[in-house]
Amino acid sequence: MTAIEKLSATGALIASALLTCGCVASEAKRDDLAAPVGTYHQHLISLPIGTLWQVPERLDAQQLIQQLDNAGIRSAAVLSVAYAYGDDRRQIDDEYAKVRAENDWTQV
C-alpha cells in the first residue's frame, strides 16, 4: 500500500468517525443543550447594507437583543459590516463616508 493509499484510507476512517459522531450529536434535542453564555460574532443589518446585500429586513440592536434573549444568550460581540463597502467586486460611490456611517450606526 502506497503512502497516498494509506492517507486515503486513514482519511476515509476519520471522515466516517466524524460523520458518525455528527449524526449522534445531531440527534440531541435543542432542549437538552445549554445555551452558550455569549456569542462572539454577531452583525446588525442597517437599511443601506440590507439594500446593498438585497436583504429585505433590517436587524437592529433591539431585534438582536430580543433574539439573544429568546435563545438564552446573555452577551454578544457585535461587529460592523462596513467592510462590505470595500468589496472590490462593487463600485461604491463615497465609500469612506458609507463605511463611517455604517460603523457609527453599529456602535450606537
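Table: residues versus (1) under 25 Å from Ala35 (Cα atoms); (2) at pLDDT 90 or above.
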site	(1), (2)
Leu52	no, yes
Gln63	yes, yes
Tyr83	no, yes
Ile92	no, yes
Val108	no, no
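If you check every pair at least six apart or on different chains, which have Cβ atoms under 8 Å apart with a residue in region 46-69 that is under 13 Å from Ser80 (Cβ atoms) first and a residue that is in a helix (DSSP H, G or I) second?
From region 46-69, the pairs are Ser46/Glu102; Ser46/Trp105; Ser46/Thr106; Pro48/Lys98; Pro48/Ala101; Pro48/Glu102; Ile49/Ala84; Ile49/Glu102.
The values are calculated or read from the model by the stated rules, or taken from the named source; none is laboratory data. Just so you know, these numbers come straight off a predicted model, no measurement behind them. Every residue, glycine as well, gets a Cβ built from its backbone with ideal geometry; the counts of neighbours run over all protein chains shown.
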